[in-house]
Amino acid sequence: QVQLVESGGGLVQAGESLRLSCTASGNVFRINAMGWYRQAPGKQRDSVAAITSGGSANYAGSVEGRFTISRDNAKNTVYLQMDSLKPEDTAVYYCYVDQYSIGYGRFQRFWGQGTQVTVSS
């Protein structure tokens, strides 16, 4: 199993920045994609950003140009730099990693516990 620990959430005002971190530990041997989802109260969980093992990133349209995803493979860590935050960015943010499981013969996705981001107007 792979465990993910997130940090960096909090309460900020609109226009400010936050940086989320997510570190994988446990049975980590070759992580493929890493990324972030978010879930606002009463809404479904939506993808925010993802990054491949080679460093290619993609973003949801609502955060393009404001958020930046990056990763440090040596530390098994993915980051989400969030700038120009808006009240509509308020949500619980979840990180994930995809790792190939030899036993299952497919990729498995592991999730973090979530970290709250609240943006006040």
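Quick notes on this one:
- Total charge dipole magnitude, segment 62-121, about the Cα centre, Cβ charges on Lys, Arg, Asp, Glu only, Debye to nearest 20: 220 debye
- Rounded to the nearest 20 debye, the dipole size of segment 23-109 about its Cα centre is 260 debye, using +1 on the Cβ of Lys and Arg and -1 on the Cβ of Asp and Glu.
- Note, ³J(HN,Hα) from phi for segment 79-85, Karplus 6.51, -1.76, 1.60, rounded to Hz, x at Gly and Pro: 10, 9, 8, 10, 10, 6, 5
- For segment 8-97, the fraction of alpha-carbon pairs in successive 5 Å shells from zero, as %: 3, 14, 26, 25, 17, 9, 5, 1
- On the basis of the beta-carbon distance and an R0 of 22 Å, Glu64 and Phe107 show a calculated FRET efficiency of 0.30.
- Virtual paramagnetic centre 7 Å along Cα→Cβ of Ala57, amide N under 14 Å, in segment 77-101: 78-84
- Average projection area in nm² (convex hull over Cα atoms of segment 41-91, one quarter of hull surface): 4.1 nm²
- Cα lying deepest toward the dipole's positive end in the chain, options Thr23, Pro41, Val92, charges on Cβ: Thr23
- Contact order, relative form, for the chain: 35 percent (alpha carbon pairs under 8 Å, 6 or more residues apart, mean separation divided by residue count).
- Segments 89-100, 49-60 sorted - mean Cβ within 10 Å per residue, highest first: 89-100, 49-60
- Using R0 = 22 Å, the C-beta based FRET efficiency linking Gln1 and Lys75 works out to 0.70.
- Under 11 Å from the Tyr100 label point (7 Å along Cα→beta-carbon), backbone N, segment 13-40: 30-32
- Largest first, the residues Thr118, Thr68 sort by 1.4 Å accessible area into Thr68, Thr118.
The values are calculated or read from the model by the stated rules, or taken from the named source; none is laboratory data. Not measured: the values here are computed from a predicted model. Methodologically, a virtual Cβ is constructed for each residue, glycine included, from the backbone with ideal geometry; neighbour enumeration extends over all protein chains shown. Ligands, DNA and RNA are excluded from the accessible area calculation, which covers all protein heavy atoms including side chains. Shrake-Rupley method; radii C 1.70, N 1.55, O 1.52, S 1.80 Å.
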